[in-house]
């Protein structure tokens, strides 16, 4: 392993968890923050989106990044893949993509006169599903099983996906031409939905300055990024985050937030139990990322929009009034009382 990955190894191989829990957490936080700094070498601005992707990685959940073309959604995932020493696959979703192009299929071997399974690109650690909503629902559904159960059934055989397994999907706004809305069952399998907006003026100025220094491309280059972690290091980060202390009042707050969406005025579809679980797992990941030793209500509140926005649906009346999902959820967050620790 390269010198750059020696510190992650220490995170993964710390000998006595009970005696060195504090130093383990400190090294895990240092690794997560180093990864954040490395990603910002390729991504100008977009702090919330970068932190959201790192939160999903540490929490062990899938993430959906939405934004108009040209904002750097794919670049962000490519940058993370560059910093990750495990297996990486990319699928460009198109209207003619078939489910077997994702999961794999059986092929007849003339030599052995038998059918052999050919695994698809889904058998990887980090899967980029690029422009996922440009393929019809039948093709999108090919990811349902592997996203939930971390396995794929081919020819009656259940084949496990490598661990860790993370789907990072990008999509264009559904109002754009040539897009298909993701079914609710698939949206619910994404732990987070992140919105990538236009950069600030100073960020765009710096972006143009850096990109135009090169004659090769119109995007930033990720080839110079360092490999900071391997697959086992990701699993170690996830384990350390899952062990962070969580007060019962904070747990209750996360559940109350999710349950409040089910009868909140202006919503006809509320979030299910997966949202409560995601709130807690993401809050722990955010606590690790900021260097905290326990989870606070602010950690839960900080990830609530990304956890809930794709799991609820506005009523037609609210939609006609021009109120967005995020506006309604911010009202909910302001009115659901958070515990004082």
### Query
How many residues are part of a helix (DSSP H, G or I) and either surrounded by 15 or more Cβ atoms within 10 Å (Cβ to Cβ) or touching a helix residue (DSSP H, G or I) at 6+ places or on another chain (Cβ under 9 Å) (or both) when one looks only at the range 296-341?
21
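Looking at 237, 229, 207, which is the one that is crowded, with 17+ Cβ neighbours inside 10 Å, in the same structural domain as residue 37 (by TED's automatic domain parsing), at pLDDT below 90 and touching a strand residue (DSSP E or B) at 6+ places or on another chain (Cβ under 8 Å)? Before you say what the answer is, go through the steps one by one.
Numbers: 237 fails: at pLDDT below 90; 207 fails: touching a strand residue (DSSP E or B) at 6+ places or on another chain (Cβ under 8 Å).
229 is the lone residue from the list that is crowded, with 17+ Cβ neighbours inside 10 Å, in the same structural domain as residue 37 (by TED's automatic domain parsing), at pLDDT below 90 and touching a strand residue (DSSP E or B) at 6+ places or on another chain (Cβ under 8 Å).
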### Query
Do you know which of the residues in the range 92-109 that are farther than 18 Å from residue 153 by Cα and assigned to a loop (DSSP other than H, G, I, E, B) is farthest from the chain's Cα centre (by Cα)?
96
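Against the definition (in a loop (DSSP other than H, G, I, E, B), closer than 30 Å to residue 210 by Cβ and either within 18 Å of the chain's Cα centre (by Cα) or not assigned by TED's automatic domain parsing to the domain that holds residue 305 (or both)), how does residue 58 come out, yes or no?
no
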## Note on the structure
All-but-one check, residue 256 against (1) modelled with pLDDT of 95 or more; (2) within 23 Å of the chain's Cα centre (by Cα), failing number (2)
### Task
Would you be able to say whether some residue in the range 272-295 is over 21 Å from residue 195 (Cα atoms), touching a residue at least 12 places away in the same chain (Cβ under 8 Å), more than 20 Å from the chain's Cα centre (by Cα) and in a helix (DSSP H, G or I)?
no
### Query
Do we find a residue being part of a helix (DSSP H, G or I) and farther than 17 Å from residue 170 by Cβ anywhere in the range 71-83?
yes
## Note on the structure
Result of the Cβ filter at 9 Å on the range 14-38, keeping first residues that are outside the structural domain of residue 238 (by TED's automatic domain parsing) and closer than 13 Å to residue 229 by Cα and partners that are at pLDDT below 90 and part of a loop (DSSP other than H, G, I, E, B), at least 6 apart or interchain, is none
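The values are calculated or read from the model by the stated rules, or taken from the named source; none is laboratory data. Computed from a predicted model, the values in this text were never measured in an experiment. Positions of Cβ are generated from backbone atoms using ideal geometry, with glycine treated the same way; all protein chains shown enter the neighbour counts.
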